[in-house]
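Single-structure report; data block below.
The values are calculated or read from the model by the stated rules, or taken from the named source; none is laboratory data. Computed from a predicted structure; not experimentally measured. Positions of Cβ are backbone-derived with ideal geometry, glycine not excepted, and every protein chain shown enters the neighbour counts. Keep in mind that these areas ignore ligands, DNA and RNA; they rest on the heavy atoms of the full protein, side chains included. Shrake-Rupley method; radii C 1.70, N 1.55, O 1.52, S 1.80 Å.
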Amino acid sequence: MRSPSDAPLALIGYSTDAARALREAGLLAVPVPDDEPAAVLEACRTLRFVGALVHPSREVALAGHVDPDPDARRVGRVDAVAFGREAHGTYALADALMDAVEGSGYAARGADALLLGSGTDLARALPLLRLGFGNVGIVADSYPEAERFARDVPAGVRAFPVGRRDSALASLAERADLIVLTGGSVPPGLLQPYHTLVDLTGQASTGSSGAARLDLTRLPELRLVRQLLHATGQRYRPEDLSDLAAALV
């Protein structure tokens, strides 16, 4: 990779090792303090930083100090920032997840999905519904939580909000093709051989259910592609970012 300009990229919450890895990849990156988000962002704009990458531990803290795009606003997190007259934030994981599903060859259009979470983490999966799913179950810890997220479902998609303890959950799962876990755990017996599981927690097991698991091994570099595109305006190839994405974990 080559640096698009001499304008530095701010690293918020990342170590000097991360900055070194980015510099070795051709990007001028500088770790900045992260204890006072508003002051740090204003200083980055004043010093003409091109943008910023935000460590997962600082995503929530930064969200309230930038102008967020819709996905970042829904999830309440920001993982990349572009500096202009204002600091514009995005949550690149949302689009990267769509890239991963599309890249896997999974036929989403017309399929039914079940989004299973435990609260605000459900917002991480909502962008997937732009891929053309037909019916979608929204499962949260309580029915009011699920109903709130169902309001953000795209037009043309039928949403069915339920709580984790709702008796309707089993029948929704039986009709689903794709199950997306964003938080908590999968209830015992929910997964069936005809299901495909997208596990955003990294902790779920398909056990003896026979369910398939959608491969998310490329998600880190797909996310970094989206982060760098937002923060620098430059597009990179995912295959060129594998080592760098691993260094930023």
Inset, instruction - Just read off the accessible area of Leu27 with the full protein assembly in place, 1.4 Å probe, to the nearest 10 Å². - result: 10 Å²
Inset, instruction - Could you work out which residue, out of Ala168, Ala72, Ala146, moves most in a Gaussian network model of the chain, that is, has the largest mean-square fluctuation with Cα springs under 10 Å? - result: Ala168
Inset, instruction - Using 0.36 nm per residue of separation minus the Cα-Cα distance, give me the extension gain between Arg148 and Glu174 in nm, one decimal. - result: 7.0 nm
Legend entry - the chain - share of DSSP beta bridges that are antiparallel (%, nearest 5): 20 percent
Legend entry - Loop-resident sites, the range 96-173, for trypsin sites (Lys or Arg not before Pro), counting at most 12 other Cβ within 10 Å (DSSP): Arg109, Arg151, Arg165
Inset, instruction - Provide the gained length on full extension for the span Ser104 to Arg237, in nm with one decimal, where the gain is 0.36 nm per separating residue minus the Cα-Cα distance. - result: 46.2 nm
Legend entry - Surrounding net charge for Leu244, when Lys and Arg each add one and Asp and Glu each subtract one, Cβ distance under 10 Å: -4
Inset, instruction - Quote to one decimal, in nm, the extra length available between Ala39 and Ser57 on full extension: 0.36 nm per residue of separation minus the C-alpha distance between them. - result: 4.7 nm
Inset, instruction - Please determine, in degrees from 0 to 90 and to the nearest 10, the orientation of helix 219-232 with respect to the longest principal axis defined by the Cα atoms of the chain, where the helix direction is its Cα long axis. - result: 40 degrees
Legend entry - Kirkwood-Stokes translational diffusion coefficient of the range 107-213, alpha-carbon pairs, 20 °C, 1.002 mPa s, µm²/s: 160 µm²/s
Legend entry - Compactness of the chain, expressed as Rg and Dmax over alpha-carbon positions, Å: 19.1, 58
Inset, instruction - Report, in whole Å, the centroid distance computed from the Cα atoms of the range 6-42 and the range 78-154. - result: 28 Å
Legend entry - Residues with amide H under 5 Å from that of Ala80, placed H, sequence gap 5 or more: Val54, Thr90, Ala92
